[in-house]
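See structure below.
Here, each number is a calculation from the coordinates, and none is a lab measurement. Since this is a predicted model, take the numbers as computed values, not measurements. Methodologically, a virtual Cβ is constructed for each residue, glycine included, from the backbone with ideal geometry; neighbour enumeration extends over all protein chains shown.
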Amino acid sequence: MGDAPASGAARVYFRPSFPFYFPQMQCRDKCGACCTAPSITSPIPGMPDGKPAGVRCVQLGEDERCRIFGRPERPAVCGGLQPSSEMCGSSRQQAMLWLDQLERATAP
Ligand code: SF4
Ligand code: SF4
C-alpha cells in the first residue's frame, strides 16, 4: 500500500502521519494457557504421542514457562503460536476459553 494512489479522479496519497506500528503482544507471565488447552499431535519430550487437549504439557514448568524453549525438541507448532490479543485475552481464563473453543471448532 504505502504511497500508491487511490483510484478515481482525485489522487489521494496515503501518507500516514504516524507509523502504523502495532507492537508485538507479550506473553503474559504465569499463564501457560496455550500449553494446556490445545492438543498437540507431534511428540514432546515426556509425551511421545503428543498432548491431549486440556492436559498440561509436561514441559511446562511450575513457573508456567516452557522448559525446552529454544531447543530443537520443542514442537514446531509451539514456536508458531504467537501471543495475540484474540488468543490471550486479558486473563488466563479468557485464553483457556478461547483456545478450548478453537480446539472444538477444529477437531476432526
Ligand atoms: S495464552 Fe497467551 S499469554 Fe497465555 S501463555 Fe499463551 S501466549 Fe502467553
Ligand atoms: S513444549 Fe513448551 S511451548 Fe510447547 S506446549 Fe509444552 S511447555 Fe508449551
* Using modelled backbone amide H atoms (1.01 Å from N, in-plane), which distant-in-sequence or interchain residues come within less than 5 Å of I44's amide H? -> D49, G50
* Report the convex hull volume per residue for segment 20-105, counting only C-alpha atoms, in Å³. => 106 Å³
* **Span from the segment 20-69 Cα centroid across to the segment 71-101 one, whole angstrom** => 7 Å
* Extension gain, S90 back to R71 (0.36 nm per residue minus Cα-Cα distance, nm) -> 4.0 nm
* Structure fact -> Taking a crude spin-label model, label points 7 Å out from Cα along the C-beta direction, the V55 to S42 distance in nm is 1.9 nm
* For segment 47-62, in order, what is each residue's ³J(HN,Hα) by Karplus, 6.51 cos²θ - 1.76 cosθ + 1.60 with θ = phi - 60°, in whole Hz (x at glycine and Pro)? -> 9, x, 9, x, 10, x, 4, x, 9, 5, 5, 5, 8, 8, x, 5
